[in-house]
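*Asks:* The structure is given below, and queries will be raised subsequently.
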Amino acid sequence: MLTNRRSSRICCLDLDTFFVSVERLFDPSLVGKPVVVGASPGKRGVVTSASYEARRLGVHSGMSMADAQRLAPNAFYVPTRHGTYGRYASKVKAILERYCPEVRTASVDEFILDFRGCEGLYRRPEDTSPDATIERVVREMRQAVQDEILLPSSAGIGTSRTIAKIASGRAKPAGVLMVPSGSERDFLAPLSVRKFPGIGPVAEANLNQAGIQTLDQLMTLPPGPTRQRFKGLMRQVDGICTEQRVADLAPERPAFSEHDRKGGVVGSISNERTFHADVGNLNKLEAQLLALVERVCWRARNRGVLARTFTLKLRFSNFETLSRSKTIAPTNSDLPVMRCLRGLLLQNLAPGRAVRLLGVAFSKLTLEGQQLSLPYDRGGRGDVSMAVDAVRDRFGYEAIRRGAAGGRSRWEKRSPHDGGSEATEPDQAANARKV
DNA sequence: TCTGGGGTCCTAGGACCC
DNA sequence: TCTGGGGTCCTAGGACCC
């Protein structure tokens, strides 16, 4: 029996090669050519977005720029344009909201729309069914995005967010695909297990090793140890086909208005940086740490949150990565956070080891002003910090910089393994603002 | 010139308390 | 004092997503 709750009314609209498409708006000569958006050539980094022409040459997102250039030396390489893509995503969302009362942003290039209850609103005499009405509206909406902002996108429609998401991928490029209620199993069966959200490279390898390539093979495993091993996954896939609810809508993101049961704030805030060249000099690492701490503290203050747990992330030259965290009194002030993380840095930096990546993360967040009886460290947020924040609020983070963060550290304390000779210029291009 | 950066979620062991 | 268990917090790591 088909109830309205089980109808195909959830839509996922996904912008096709989004970053590449935006770059083509800025430079129309790139249309029809292989385009790769990512780190600046010559810098450490990976491909963020590759046009279909570049994909035909073997380039895909996540690949190192070095590999991409080897495969496609004649492609057009464009550095990532921070901030710009978000503005285009907002324009897209505004269009979608004309067509659907419930639009959620799932990521910078992906939106989830809930059309439940809208069939009557849009129905036309020529529509052969409520499903046909919704599919027609989604096609019109997709075309509006194309015509008004010149951005291609694809849309999938299904009974749940997961089906809609997979369908949008099958609809690319520039298509619309509806998966009618009841046909989920037939739709999923022939697909590679990797197409299912949540199955990544590791799970895929495990499944393949067990002889499972397709979702059909997964869903029809005969009783036995293999079935036992993957029963959690089977339940997940099966649930998508049979569950009588449509509960997996995207949470609105950012989710900082959401509180957990204990009044905390859901989520974390982090920044990390891969250096252009590995850094072994402790003073320089401390200066970089300070720069990261200042930035994340600033972001926390902007969101009005305090953090209790502070995590330091280190990645060494050989790509070995470790994280060390410490929980202290809630704060968002540079000084106590720096004290905490500097301690972790000194404890975990073996002499002679060069650092490739340094990262800082804040978690166990609470709203500022809510820490009733908890000790709350206000140290370091004096008039100077307030003034610095005020400038940054008006002109952006990069408008002002504490002396120590850019050069020599005020927190310095020479150590035995100090005095390395590596180049330590931070990878400025990663955060360069282009207009 | 191998391997980004922002996140979320899950697991698992140990400490500690009752 | 021969060995129990919950529950919760903290920490570390890893899979996954875009």
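Each reported figure results from applying straightforward, stated rules to the coordinates on display, with no laboratory input. What you are looking at is a predicted structure, and each value in this text was computed from that prediction instead of being measured. Heads up, the Cβs are rebuilt from the backbone with ideal geometry, glycines too, and the neighbour counts pull from every protein chain shown.
*Asks:* Considering only the stretch A:1-98, what is the antiparallel percent among its DSSP beta bridges, to the nearest 5?
*Replies:* 50 percent
*Asks:* Listing A:His276, A:His60, A:His82 from the residue with the fewest other Cβ atoms within 10 Å to the one with the most, what is the order?
*Replies:* A:His82, A:His60, A:His276
*Asks:* Return the whole-Å distance between the Cα centroid of the stretch A:310-368 and the Cα centroid of the stretch A:211-233.
*Replies:* Taking the Cα centre of each part, the stretch A:310-368 and the stretch A:211-233 sit 41 Å apart.
*Asks:* From the phi of every residue in the stretch A:271-278, what ³J(HN,Hα) in whole Hz does the Karplus formula 6.51 cos²θ - 1.76 cosθ + 1.60 yield, where θ is phi - 60° and glycine or proline is x?
*Replies:* 9, 9, 9, 8, 7, 4, 9, 4
*Asks:* For the stretch A:15-29, take each phi angle, set θ = phi - 60°, evaluate the Karplus expression 6.51 cos²θ - 1.76 cosθ + 1.60, and give the result in whole Hz per residue in order, putting x for glycine and proline.
*Replies:* Values, residue by residue: 6, 6, 5, 3, 5, 4, 4, 5, 4, 6, 5, 6, 9, x, 5 Hz.
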